[in-house]
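Colleague: Sharing a structure, written as structure tokens. Questions coming.
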Amino acid sequence: AQSVTQPDIHITVSEGASLELRCNYSYGATPYLFWYVQSPGQGLQLLLKYFSGDTLVQGIKGFEAEFKRSQSSFNLRKPSVHWSDAAEYFCAVTRGGYNKLIFGAGTRLAVHP
Amino acid sequence: DVKVTQSSRYLVKRTGEKVFLECVQDMDHENMFWYRQDPGLGLRLIYFSYDVKMKEKGDIPEGYSVSREKKERFSLILESASTNQTSMYLCASSSPGLAGIGYEQYFGPGTRLTVT
């Protein structure tokens, strides 16, 4: 069965530091992978997605993610974090038809000044 | 600009009440979804709909039903609200995509429901 694991529940970084959020998936076929961000009190916004092709994907707000099939991972990175990046981040993988998704439990990011 | 709206941001209901959560999208999407979000559990799919009057159960449908009479509107119904249904409810929509996969979901702002 498909699944998504985000090993880190909470991460705290200093403003200006680099960031990597981990995501591991289990999926039998070629996965379609997504990262979403949820700011406090808001719905989810798509950061980036991977369907095929180049395994390094660029997204909005300076984020990127790298698909590694051999490690079943799709980690999210940002070279320099801003205070406004404090939010909860969700990794998701497609599951069957109708664009259904399976979400990870989320990683809550705190940014120290 | 794409938009998914939900009827209420915050809702407080009593145990046993019938509760309606409304979701409207303006993107002419075929697919619509209802999730509940709980800390440490991520988003869990309650129901989804792939066309008007068509619906399928998700992972946690117990205690919920849905209605889709028009393409743009998808309603979640709690037949008899219970305290364990206190949660954040998120609605989403998407295009069907090629072979039913590959398109992103667009989310509404959520409804935080408290059942007392």
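Colleague: Being of a type in the set (A, V, I, L, M, F, W, C), under 11 Å from the mean Cα position of the chain (by Cα) and under 25 Å from B:GLU30 (Cβ atoms) narrows it down to one of A:PHE63, A:PHE74, A:PHE51, A:PHE90, so name that one. Quick ask: steps written out before the conclusion?
Modeller: Numbers: A:PHE63 fails: under 25 Å from B:GLU30 (Cβ atoms); A:PHE74 fails: under 25 Å from B:GLU30 (Cβ atoms); A:PHE51 fails: under 11 Å from the mean Cα position of the chain (by Cα).
Unique residue meeting the criteria: A:PHE90.
Colleague: Further question: Can you confirm whether A:ALA17 is small (Gly, Ala, Ser) and farther than 26 Å from B:SER93 by Cα?
Modeller: Values: small (Gly, Ala, Ser): yes; farther than 26 Å from B:SER93 by Cα: yes.
Answer is yes for this residue.
Colleague: Ok, one more. With a cut-off of at least 2 residues that are among the basic types (Lys, Arg) and touching a residue at least 12 places away in the same chain (Cβ under 8 Å), name the strands (runs of 3 or more DSSP E) lying wholly within segment B:4-116.
Modeller: Numbers: elements: B:4-6, B:10-13, B:19-25, B:31-38, B:42-51, B:54-57, B:64-70, B:73-78, B:87-94, B:111-115.
In segment B:4-116, the matching strands (runs of 3 or more DSSP E) lie at B:64-70.
Colleague: Right, here's the next one. Of the residues A:SER80, A:SER70, A:SER52, which single one is more than 30 Å from B:TYR89 (Cβ to Cβ) and in contact (Cβ under 8 Å) with a residue 60 or more places away in the chain? Please lay out each step first, then the result.
Modeller: Values: A:SER70 fails: in contact (Cβ under 8 Å) with a residue 60 or more places away in the chain; A:SER52 fails: in contact (Cβ under 8 Å) with a residue 60 or more places away in the chain.
One residue alone meets the criteria, A:SER80.
Colleague: Please find, among B:SER75, B:SER80, B:SER67, the residue that is within 21 Å of A:GLY97 (Cα to Cα), at pLDDT 95 or above and of a type in the set (Gly, Ala, Ser).
Modeller: Values: B:SER75 fails: within 21 Å of A:GLY97 (Cα to Cα); B:SER80 fails: within 21 Å of A:GLY97 (Cα to Cα).
Within the list B:SER75, B:SER80, B:SER67, the selection yields B:SER67.
Colleague: Name the single residue that is farthest from the other protein chains (Cβ to nearest Cβ) among those in segment A:1-23 being among the β-branched types (Val, Ile, Thr) and within 15 Å of the chain's Cα centre (by Cα).
Modeller: Taking segment A:1-23 as the starting set, the residues that turn out to be among the β-branched types (Val, Ile, Thr) are A:4-5, A:9, A:11-13.
Next, only the ones that are within 15 Å of the chain's Cα centre (by Cα) stay: A:4-5, A:9, A:11.
On the way: A:VAL4: 8, A:THR5: 10, A:ILE9: 7, A:ILE11: 15 Å.
So, considering only residues that are among the β-branched types (Val, Ile, Thr) and within 15 Å of the chain's Cα centre (by Cα), the one farthest from the other protein chains (Cβ to nearest Cβ) is A:ILE11.
Colleague: Determine which member of the set B:ARG68, B:ARG44 is among the basic types (Lys, Arg) and surrounded by fewer than 18 Cβ atoms within 10 Å (Cβ to Cβ).
Modeller: Details: B:ARG68 fails: surrounded by fewer than 18 Cβ atoms within 10 Å (Cβ to Cβ).
Result: B:ARG44 is the single residue among B:ARG68, B:ARG44 that is among the basic types (Lys, Arg) and surrounded by fewer than 18 Cβ atoms within 10 Å (Cβ to Cβ).
Colleague: Only one of B:MET88, B:MET54 is under 23 Å from A:GLY106 (Cβ atoms) and either within 15 Å of the chain's Cα centre (by Cα) or within 14 Å of chain A (Cβ to nearest Cβ) (or both); which?
Modeller: On the way: B:MET54 fails: under 23 Å from A:GLY106 (Cβ atoms).
One residue alone meets the criteria, B:MET88.
Colleague: For segment B:57-64, state whether one or more residues are touching a helix residue (DSSP H, G or I) at 6+ places or on another chain (Cβ under 9 Å) and among the hydroxyl-bearing types (Ser, Thr, Tyr). Walk me through how you get there before you give the answer.
Modeller: The first filter runs over segment B:57-64 and keeps only residues touching a helix residue (DSSP H, G or I) at 6+ places or on another chain (Cβ under 9 Å), leaving B:63-64.
Of the ones still in play, those that are also among the hydroxyl-bearing types (Ser, Thr, Tyr) are B:64.
Yes, that holds for at least one residue.
Colleague: Of all residues in segment A:102-113 being hydrophobic (A, V, I, L, M, F, W, C) and more than 14 Å from chain B (Cβ to nearest Cβ), which is nearest to A:GLN6 (Cα to Cα)?
Modeller: A:LEU109
Colleague: Is it the case that some residue within segment B:96-115 is within 19 Å of A:GLN45 (Cβ to Cβ), more than 8 Å from chain A (Cβ to nearest Cβ) and in contact with a Phe, Trp or Tyr (Cβ under 9 Å, 6 or more places away or on another chain)?
Modeller: Looking for residues that are within 19 Å of A:GLN45 (Cβ to Cβ), more than 8 Å from chain A (Cβ to nearest Cβ) and in contact with a Phe, Trp or Tyr (Cβ under 9 Å, 6 or more places away or on another chain), one finds at least one in segment B:96-115, hence yes.
Colleague: Which members of segment B:71-97 meet the condition of being of a type in the set (Asp, Glu) and loosely packed, with under 15 Cβ neighbours inside 10 Å?
Modeller: To start, the set of residues in segment B:71-97 that are of a type in the set (Asp, Glu) comprises B:72, B:79.
B:GLU79, the sole residue that qualifies.
The values are calculated or read from the model by the stated rules, or taken from the named source; none is laboratory data. What you see is a predicted model; the values in this text were computed from it and never measured. Note: ideal-geometry Cβ built from the backbone for every residue, glycine included; neighbour counts use all protein chains shown.
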